[in-house]
């Protein structure tokens with residue numbers, strides 16, 4: 001139950017920054033605008049996490065992570081023309097990776113502060129989703145978390161619960177469980193993206209509504 | 001000027017959770033997605049209140065209220081098929097009840113911390129409206145607080161001012177005044193919902209705009 | 001590196017309050033609704049700034065600024081019929097003035113707390129843009145910060161960096177540099193509004209997209 005390893009933060013921040021740059025691309029925005037979008041997406045979730053946990057906001061203490069986000073934005077901007085045909089899919093996967101890494105990092109941090117597993121699950125979920133929600137609202141889209149046609153909430157929520165349970169059962173394997181949780185969340189979400197996976201009708205609101 | 005009674009918190013959380021589930025229904029969302037929407041709507045306002053007041057966030061200290069919100073979501077999900085024809089109206093009333101109970105609870109908490117009546121009115125208003133704003137933004141709707149065609153801001157704002165004034169005049173009747181304030185806010189909002197009540201034209205911006 | 005002078009706060013709050021009232025006008029909202037919009041726009045940015053910096057929220061400590069915002073709302077409401085034909089342009093300029101004054105005030109406050117120049121730039125930017133983002137989201141518009149066709153992010157971001165650099169080079173001229181920064185930001189943004197100034201295509205995402 002230590003602070004999250006730097007590797008997890010780096011991947012999460014980079015993935016979210018890239019997703020922000022791509023989201024801005026669809027607005028035909030200029031380089032500074034997409035950099036702002038990328039950085040806000042990358043640090044938005046962690047900012048809310050630290051505010052809710054009432055600890056100093058991470059980038060106010062250590063600015064390195066913002067430089068990292070800016071660097072990821074630059075790379076995404078320079079290479080954006082390469083994957084232009086598949087922008088939307090790259091955005092979906094960058095978001096999925098950011099969500100997985102950030103939820104694990106937030107759960108680690110919350111447990112390290114001595115909070116309960118339940119609070120850690122919520123903090124993991126909130127931290128993972130907030131950056132993307134801000135990104136979508138700023139670019140005038142309904143947030144992917146809710147609007148996504150395929151499963152979005154389920155992989156991260158189940159993954160967060162799984163991770164907390166594994167840490168509770170065998171706390172000595174922190175690193176292993178974090179890898180398991182990240183693979184579970186990105187794999188599950190990846191399957192949902194590729195196959196359009198959804199719940200059966202009776203577990204969705206208003207079944208048959210469109211048939212009425 | 002004590003902490004808000006548990007009854008007020010329970011009703012407010014349950015009402016907002018139900019409104020969140022219904023809001024998700026319109027997106028044809030699955031059970032986990034609407035649970036997330038319900039819980040976020042239920043705890044969003046109080047989270048912002050505690051952050052602004054710089055006190056520990058209530059559900060980080062005591063997770064019970066989140067379980068309560070989840071329970072309310074489950075009930076709303078199971079019974080949603082019953083009131084399917086009147087979903088929108090149930091949403092409006094659930095929101096109205098949540099707004100009324102949360103503004104009273106937030107005013108109590110703000111005054112108990114020793115802040116002025118003016119700050120308490122703002123905190124009551126902000127706490128009451130934030131959950132619904134998050135719910136509407138997450139489901140891709142313009143926030144009801146502003147977009148509502150009938151009066152929305154007026155009942156809660158006047159009710160909050162009334163409650164603070166009554167507590168100032170006769171502080172020994174806390175419970176009575178909280179009942180008066182809740183009845184005033186829900187009743188006033190209910191009349192607005194049923195009759196489409198609005199201000200006269202000269203108290204609205206751009207009178208005659210549509211006639212031009 | 002002192003607290004921001006009261007003049008800067010007054011102008012920033014008044015400008016944002018006016019922009020909020022005008023934004024509400026387009027929804028045909030009533031007087032209380034536009035007052036709420038004006039006040040939220042005026043105090044939203046500073047609220048987030050104080051929350052991130054982990055200091056007491058300014059209007060909880062000193063309510064004067066809210067009265068000022070309400071007064072500005074009243075003036076904007078009473079005089080709105082005069083500039084009705086040019087509402088959108090008045091909104092753009094009120095927003096530009098609010099952004100400029102708030103970013104300077106936030107940079108002053110952040111540096112006074114002993115944070116680095118990098119953190120001050122981010123805080124200046126976040127504080128300046130948040131009020132307008134909340135205003136736009138509440139009135140159901142895509143946030144101007146991103147959706148604006150002409151330069152929006154660039155003037156405030158460059159201006160904030162310029163201001164921090166000038167304060168670093170010659171810290172004895174605080175007042176002069178704040179005037180320089182405000183003139184730079186409003187002037188630059190004004191030119192963008194009047195001329196539709198944008199970056200060249202190669203510094204925008206997806207160059208040539210529309211031609212494909």
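Taking the conditions (1) farther than 30 Å from residue A:114 by Cα; (2) in contact (Cβ under 8 Å) with a residue 12 or more places away in the chain; (3) within 9 Å of another protein chain (Cβ to nearest Cβ) in turn, residue B:30 satisfies each one other than (2).
Residue B:151 - would you say it is over 17 Å from residue B:8 (Cα atoms) and assigned to a loop (DSSP other than H, G, I, E, B)? Talk me through it step by step, then tell me what you get.
On the way: over 17 Å from residue B:8 (Cα atoms): yes; assigned to a loop (DSSP other than H, G, I, E, B): yes.
It is true that residue B:151 is over 17 Å from residue B:8 (Cα atoms) and assigned to a loop (DSSP other than H, G, I, E, B).
Please indicate, with yes or no, whether at least one residue in segment A:172-183 is within 14 Å of chain B (Cβ to nearest Cβ) and within 17 Å of the chain's Cα centre (by Cα).
Narrowing segment A:172-183 to residues within 14 Å of chain B (Cβ to nearest Cβ): none.
No; the residues of segment A:172-183 include none that is within 14 Å of chain B (Cβ to nearest Cβ) and within 17 Å of the chain's Cα centre (by Cα).
So residue C:123 ticks every box in (1) surrounded by fewer than 24 Cβ atoms within 10 Å (Cβ to Cβ); (2) within 13 Å of another protein chain (Cβ to nearest Cβ) but one. Which box is left unticked? Result: residue C:123 passes all but (1).
Evaluated against (1) within 30 Å of residue B:150 (Cβ to Cβ); (2) in contact with a helix residue (DSSP H, G or I) (Cβ under 9 Å, 6 or more places away or on another chain), residue C:118 falls short on exactly one condition, (1). Looking across segment C:169-204 at every residue that is exposed (fewer than 12 other Cβ atoms within 10 Å of the Cβ) and closer than 16 Å to residue C:155 by Cα, the one that is modelled with the lowest pLDDT is identified as C:200. Taken over segment B:70-105, the residue count meeting the criterion of being surrounded by fewer than 24 Cβ atoms within 10 Å (Cβ to Cβ) and either within 14 Å of chain A (Cβ to nearest Cβ) or more than 16 Å from the chain's Cα centre (by Cα) (or both) is 18. Between C:40, C:9, the distinction of being assigned to a helix (DSSP H, G or I) and within 16 Å of residue C:134 (Cα to Cα) belongs to C:40 only.
Is it the case that residue C:112 is under 17 Å from residue C:4 (Cα atoms) and more than 8 Å from every other protein chain (Cβ to nearest Cβ)? Taking the combined requirement at face value, the residue satisfies it. For segment A:48-65, the set of residues classified as part of a helix (DSSP H, G or I), within 7 Å of another protein chain (Cβ to nearest Cβ) and under 23 Å from residue C:159 (Cβ atoms) consists of A:60 only.
Within segment A:102-138, being part of a loop (DSSP other than H, G, I, E, B) and without any contact (Cβ under 8 Å) to a residue 40 or more places away in the chain holds for A:114, A:116.
Every condition in (1) touching a helix residue (DSSP H, G or I) at 6+ places or on another chain (Cβ under 6 Å); (2) within 14 Å of chain A (Cβ to nearest Cβ); (3) crowded, with 18+ Cβ neighbours inside 10 Å holds for residue C:150 except the one numbered (3).
Within segment C:191-199, is there a residue that is within 30 Å of residue A:75 (Cα to Cα) and in contact with a strand residue (DSSP E or B) (Cβ under 6 Å, 6 or more places away or on another chain)? Yes - at least one qualifying residue is present in segment C:191-199. In the set B:157, B:138, only one residue is crowded, with 22+ Cβ neighbours inside 10 Å and within 14 Å of chain A (Cβ to nearest Cβ); that residue is B:138.
So that you can scan it fast, the table gives a plain yes or no per residue for (1) modelled with pLDDT under 95; (2) more than 26 Å from residue B:143 (Cβ to Cβ):
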| site | (1), (2) |
| --- | --- |
| C:86 | yes, yes |
| C:91 | yes, no |
| C:121 | no, yes |
| C:128 | no, no |
| C:142 | yes, no |
| C:147 | yes, no |
| C:158 | no, yes |
| C:161 | no, yes |
| C:166 | no, yes |
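The values are calculated or read from the model by the stated rules, or taken from the named source; none is laboratory data. Predicted model, so just to flag it, every value in this text is computed and none were measured. No Cβ is skipped: glycine too gets one built from the backbone with ideal geometry, and neighbour counts run over all protein chains shown.
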